[in-house]
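Visitor: Here's a structure for you.
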Amino acid sequence: MTYIIYSQQQLQLKSIARLKQIYSEIACTVEVSDKRCKDSWISAIAKYQASKIQKLTPAAPDNQAQAVAPEPLTIVEISFDLHEYYADDKLIASISHDDNHLTQRWVVMINDKELFRANTLMRCDRFICTHYKDGSLPVQEKEATPPTTENQIMAHIFNECQNCGFEILDDGIYNNNGVKLGQVGCTNGNWWVKRRYSGQQQYSNSVYDAVRSLSMVDVSTDSKSIFDEYFLEQPLEQLTGDKLQRLLERAELVTA
């Protein structure tokens, strides 16, 4: 039996909501010490994965058996509802999510045809891996290669924007009111964010932090600066607690 293994870096890029989904999908049994803490979810998932790897590793590996074993599968998570399976850089199958089905929403697809359907992602994963190992999996007729780094970056950004209720258009990221918030990208492995009012790229620790920072953009004042909005309208000592907090947050973003 094989399992989708998420690296520490992959888990760090995911939101708490997505980590909870992964925890459920892999049927993790490790207790989460603090369910409000992202690192606690990552730690639980990592420990559970490690225990599965140990169980799957034979005590005395048979070199001859390893020599004839099929190529290991590479699993690429394009988005929450699309996972692609590759062997030696060739697409062999994919798992998609069917929102229109009541119970068995996870579907194994090969050559654009439904081959298997189940109620969990892991059951579809087991189906692919089992039939791939015994050679009974239909041959993928389409020639395909793993998604490029750019596509993976866009998939990460899409996932986080979806969690925040944002929309990605050609020219940037927008909130649910149709107002542009800015842009998020990754250059040479470094995530960055460009907010609508600054126009300058600012580096971020992760795609999670970059997208979340856009939710702090105050779009109610359009092109007004913080000084136009506050100091020219009323003295600092007359600002309410709410306005003063907004002023401090925006000043921090501008000087970051």
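Quick grid of which residues meet (1) of a type outside the set (Lys, Arg); (2) more than 23 Å from the chain's Cα centre (by Cα); (3) surrounded by fewer than 16 Cβ atoms within 10 Å (Cβ to Cβ); (4) modelled with pLDDT under 80:
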| site | (1), (2), (3), (4) |
| --- | --- |
| Val32 | yes, no, no, no |
| Ile45 | yes, no, no, no |
| Asn63 | yes, yes, yes, yes |
| Gln66 | yes, yes, yes, yes |
| Thr74 | yes, no, yes, no |
| Phe80 | yes, no, no, yes |
| Glu84 | yes, no, no, no |
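Matching residues to (1) farther than 21 Å from Tyr23 by Cα; (2) touching a Leu at 6+ places or on another chain (Cβ under 6 Å):
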| site | (1), (2) |
| --- | --- |
| Gln104 | no, no |
| Ile128 | no, no |
| Asn175 | yes, yes |
| Gln202 | yes, no |
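Visitor: In region 169-180, what residues are open to solvent by less than 60 Å² (accessible area, probe 1.4 Å) and closer than 21 Å to Glu150 by Cα?
Guide: Gly172, Ile173, Tyr174, listed by residue number.
Visitor: Could you list, in sequence order, the residues of region 117-134 that are of a type outside the set (Lys, Arg), within 16 Å of Asp81 (Cβ to Cβ), without any contact (Cβ under 8 Å) to a residue 40 or more places away in the chain and open to solvent by less than 60 Å² (accessible area, probe 1.4 Å)?
Guide: Ala118, Cys124
Visitor: Please determine, by comparing only the residues of region 142-163 that are under 21 Å from Gly182 (Cβ atoms) and either part of a loop (DSSP other than H, G, I, E, B) or among the charged types (D, E, K, R) (or both), which one is modelled with the highest pLDDT.
Guide: So the residue we want is Glu160.
The values are calculated or read from the model by the stated rules, or taken from the named source; none is laboratory data. The model shown is predicted, which means the values in this text are computed figures rather than measured ones. Positions of Cβ are backbone-derived with ideal geometry, glycine not excepted, and every protein chain shown enters the neighbour counts. When the accessible area is computed, the model is the full protein with side chains, heavy atoms only, and any ligands, DNA or RNA have been set aside. Shrake-Rupley method; radii C 1.70, N 1.55, O 1.52, S 1.80 Å.
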